[in-house]
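I have placed the structure first, in the form of structure tokens, so that the comments after it can refer back to it.
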Amino acid sequence: MADPKPSMSDLARKLNVSKTTVSFILNGKAKEKRISDSVVEKVMAEAAKLGYRPNQFAQSLRTGRTNIIGLMVEDISNPFYASIAKLIEEKVYQNGYKIVYCSTENDLTRGKEFLTMFNTLSVDGCIIAPTQGMEQDIRDMLEKGKNVVLFDRFFGNDGTDAVMVDNQGGMYQAVQHLVARGAKNIALIALALEDPEKEDRIIGFKNAIADHGLPAHVYAMPFKGGYEDYLQDIGEILRNNPAVDAVVFGTNYLGIAGLEVINQMGLKIPDDIAMVSFDDHDLFRIHRPGITVVAQPIEAIAQTAIDTLMAKLQNPALEPKPGEVITLPTTLIVRGSS
């Protein structure tokens, strides 16, 4: 007859520690309860050796927690979101949580279905790069006591914590840099999910262009998916505007599409046209000349989102505070394209 599976009591007895201590460690509360690293290592090693596996369903009924975090991004294949997802996964795991993530592809119906899935799974908290139209659904989650942190986009003063970057400032800096190198006709090709007048990167560009007394060439793109879907539109913009001597792309995949179009047109970077892209990418580092970028602080975004969510999860008794928007600085990385 097979040996019965070890219980938490078996672990506690074998290690001569209390069952409560074992429970705290296996439920990811060791740091919160100030249990020493040596005891944590001893318990985790013995649990692995004995093949102990907690009954997660029973555990969640008892504690009211599943130790699962939901992460929703626009596109997990995009290096920006993929890098953030990887860092968040590592950091939540270090805090005793597992992660479930999904891509919305900027589709509201799909995003709402994933929010329903998070609620069905009873995730302890969510980190979300939301799509337009999701405001009320997120508000409903907050009213039900769900812990939510937004990043990359937020909906204004609705009580949600959000981690953002200085999109306006980053774009302003990009234009200043191009003007300093002599650009007179700078075009912006950027994503506008709804109203271009409300997009921070477009606002930052227009402010910088106005401050330098230059003509504004702004081309707002709807979300289409992969970079291939933008090739024709970008080609038409550049062919129809031969006076443009510099172009700024609002995201890395628009930048990749633009780079392909510029090469197809036989234009030389930076002699015929200078180029800057918002978001860094491996291709921009490898390409010759290298592509100047407005880089987002990926490590800081992931760490700040996790710290904000963990503070909520580890202090559930605290009174909810008004939503805080944490804005992180971007960095202009100058390469050969400008």
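The values are calculated or read from the model by the stated rules, or taken from the named source; none is laboratory data. Small disclaimer: the values here were computed from a predicted structure and weren't measured. Cβ coordinates were reconstructed from backbone atoms using ideal geometry, including for glycine residues, and neighbour counts include every protein chain displayed. Ligands, DNA and RNA are excluded from the accessible area calculation, which covers all protein heavy atoms including side chains. Shrake-Rupley method; radii C 1.70, N 1.55, O 1.52, S 1.80 Å.
A compact table of results
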{"item": "Of residues in the range 281-292 being without any contact (Cβ under 8 Å) to a residue 60 or more places away in the chain and assigned to a loop (DSSP other than H, G, I, E, B), the one surrounded by the most Cβ atoms within 10 Å (Cβ to Cβ)", "result": "I291"}
{"item": "Residue, nearest to G169 (Cα to Cα), within the range 186-232, restricted to residues that are at pLDDT 90 or above and of a type in the set (D, E)", "result": "D200"}
{"item": "I138 in contact with a Phe, Trp or Tyr (Cβ under 7 Å, 6 or more places away or on another chain), touching a residue at least 12 places away in the same chain (Cβ under 8 Å) and either crowded, with 23+ Cβ neighbours inside 10 Å or at negative phi (or both)", "result": "no"}
{"item": "Single match in I127, I99 (criterion: in contact with a Leu (Cβ under 9 Å, 6 or more places away or on another chain), surrounded by fewer than 18 Cβ atoms within 10 Å (Cβ to Cβ) and either assigned to a strand (DSSP E or B) or polar (S, T, N, Q) (or both))", "result": "I99"}
{"item": "Residue selected from the range 66-91 under the condition in a loop (DSSP other than H, G, I, E, B), under 24 Å from S122 (Cβ atoms) and in contact with a strand residue (DSSP E or B) (Cβ under 7 Å, 6 or more places away or on another chain), by the criterion most open to solvent (accessible area, probe 1.4 Å)", "result": "I76"}
{"item": "Residues within the range 158-180 that are at pLDDT below 95 and over 20 Å from the mean Cα position of the chain (by Cα), tallied", "result": "0"}
{"item": "Qualifying position, being under 20 Å from Y81 (Cα atoms), open to solvent by less than 20 Å² (accessible area, probe 1.4 Å) and not small (G, A, S), among F223, F249", "result": "F249"}
{"item": "Some residue of the range 205-214 being more than 22 Å from the chain's Cα centre (by Cα), open to solvent by 10 Å² or more (accessible area, probe 1.4 Å) and either in contact (Cβ under 8 Å) with a residue 40 or more places away in the chain or within 26 Å of G70 (Cα to Cα) (or both)", "result": "no"}
